[in-house]
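First comes the structure, then the notes that go with it.
The values are calculated or read from the model by the stated rules, or taken from the named source; none is laboratory data. Since we're looking at a predicted model, the values are computed, not measured. FYI the Cβ positions are ideal-geometry reconstructions off the backbone, even for glycines, and counts take in every protein chain you see. The accessibility values were calculated without ligands, DNA or RNA, using every heavy atom of the protein model including side chains. Shrake-Rupley method; radii C 1.70, N 1.55, O 1.52, S 1.80 Å.
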Amino acid sequence: MSLKGKTAIVTGSNSGIGLGVARELARAGADVVLNSFTDRDEDHALAAEIGKEFGVNARYIKADMSKGDECRALVEQAGRCDILVNNAGIQHVAAIDEFPTEKWDAIIAINLSSAFHTTAAALPMMRKAGWGRVVNIASAHGLTASPYKSAYVAAKHGVVGLTKVTALETAEEPITCNAICPGYVLTPLVEAQIPDTMKKYDMDRETVIREVLLERQPSKGFATVEQLGGTAVFLCSDAAEQITGTTISVDGGWTAL
Ligand code: NAD
């Protein structure tokens with residue numbers, strides 16, 4: 001399948017799932033815009049590497065997804081957006097009565113509100129181009145809950161809701177919007193949860209991975225960023241033209257439990 005001639009913006013794509021998705025979209029021929037809030041030389045170098053490896057136009061644009069105006073400016077600056085992947089996300093783990101308000105606000109802004117702003121800026125471009133795909137990276141936590149992740153679970157349920165509304169508002173147009181709901185994928189975001197969880201349950205790393213992180217993932221294996229990228233490419237394919245307003249779980253059976 002070829003996405004040649006399409007431009008994809010992937011938010012939060014200098015590491016983890018976003019980078020994996022950007023690489024798979026580029027492998028399928030799409031020009032890609034990488035994003036993060038860091039603007040380091042390595043970020044630009046990453047885009048250059050992808051461009052060279054897959055023979056596509058790849059750029060890096062800095063934008064802080066916690067700020068609505070920067071989310072919109074990212075899309076405007078890209079100049080074209082056929083494929084929008086809302087991926088940027090952060091996590092914080094604490095009981096509700098101890099959850100820092102600034103962490104709640106940041107998670108809601110980056111994990112949920114950013115997708116509203118980028119989608120609002122991208123839809124007119126998709127309509128003009130006569131084709132568009134919005135792929136929201138939600139989570140198994142967009143469909144189920146875990147204790148101590150109030151902001152994350154609330155934001156990801158919100159992303160699934162926004163996905164449905166976007167799909168309904170574009171239903172008669174050649175635009176689709178879906179959410180991918182990964183279970184556990186071993187990325188820096190998950191890696192960062194391991195030390196705290198080790199402390200919390202007084203467990204070693206391997207036990208935390210098998211008994212806590214993958215406790216609810218019946219396959220007992222992490223999904224890979226390449227598999228997530230492959231799912232995004234599928235949602236951009238002609239085969240997925242009538243798939244809209246829904247979720248695709250890539251969670252080793254988590255939400256079947
Ligand atoms: P990661 O920490 O590797 O990547 C997060 C990305 O978001 C990075 O590129 C980072 O630069 C970017 N980012 C963070 N704050 C930002 C901001 N203010 N502005 C712009 N960019 C910002 O994490 P990941 O695991 O790859 O997560 C990516 C997405 O996938 C998140 O939305 C996460 O909730 C979701 N997800 C991850 C898992 C998992 O197991 N890793 C499971 C389900 C869902």
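Determine, yes or no, whether residue 142 is touching a His at 6+ places or on another chain (Cβ under 8 Å) and at pLDDT 95 or above.
Numbers: touching a His at 6+ places or on another chain (Cβ under 8 Å): yes; at pLDDT 95 or above: yes.
Here the answer is yes, as residue 142 does meet what is asked.
Would you confirm whether or not region 65-76 contains a residue that is over 18 Å from the mean Cα position of the chain (by Cα), acidic (Asp, Glu) and either more than 14 Å from the ligand (Cβ to nearest atom) or modelled with pLDDT of 95 or more (or both)?
If we filter region 65-76 for residues that are over 18 Å from the mean Cα position of the chain (by Cα), which is where we start, we get 69, 73, 76.
Next, from what is left, pick out any that are acidic (Asp, Glu): 69, 76.
Then keep just the ones that are either more than 14 Å from the ligand (Cβ to nearest atom) or modelled with pLDDT of 95 or more (or both); that gives 69, 76.
Yes, region 65-76 contains at least one residue that is over 18 Å from the mean Cα position of the chain (by Cα), acidic (Asp, Glu) and either more than 14 Å from the ligand (Cβ to nearest atom) or modelled with pLDDT of 95 or more (or both).
From 59, 40, 80, grab the single residue that is assigned by TED's automatic domain parsing to the domain that holds residue 127, more than 17 Å from the chain's Cα centre (by Cα), closer than 23 Å to residue 162 by Cβ and open to solvent by 10 Å² or more (accessible area, probe 1.4 Å).
Values: 59 fails: closer than 23 Å to residue 162 by Cβ; 40 fails: closer than 23 Å to residue 162 by Cβ.
Answer to the selection: 80.
Any idea which residue in region 206-231 is nearest to the chain's Cα centre (by Cα), counting only those that are of a type in the set (Lys, Arg) and away from the ligand (no atom under 13 Å from the Cβ)? First the steps, then the outcome.
Narrowing region 206-231 to residues of a type in the set (Lys, Arg): 210, 216, 220.
Pick out the ones that are also away from the ligand (no atom under 13 Å from the Cβ) and you get 210, 220.
On the way: 210: 24, 220: 22 Å.
Selected residue: 220.
Being in a helix (DSSP H, G or I) and more than 24 Å from residue 192 (Cβ to Cβ) is the filter here, so list the residues in region 13-31 that pass it. Explain how you work it out, then say what you get.
At the first step, the residues of region 13-31 found to be in a helix (DSSP H, G or I) are 16-27.
Within region 13-31, 25, 26, 27 qualify.
Being in contact with a Phe, Trp or Tyr (Cβ under 8 Å, 6 or more places away or on another chain), near the ligand (Cβ under 9 Å from one of its atoms) and either part of a loop (DSSP other than H, G, I, E, B) or at pLDDT 95 or above (or both) narrows it down to one residue among 46, 34; which is it? Before the answer, list the steps.
On the way: 46 fails: near the ligand (Cβ under 9 Å from one of its atoms).
After applying the criteria, what remains is 34.
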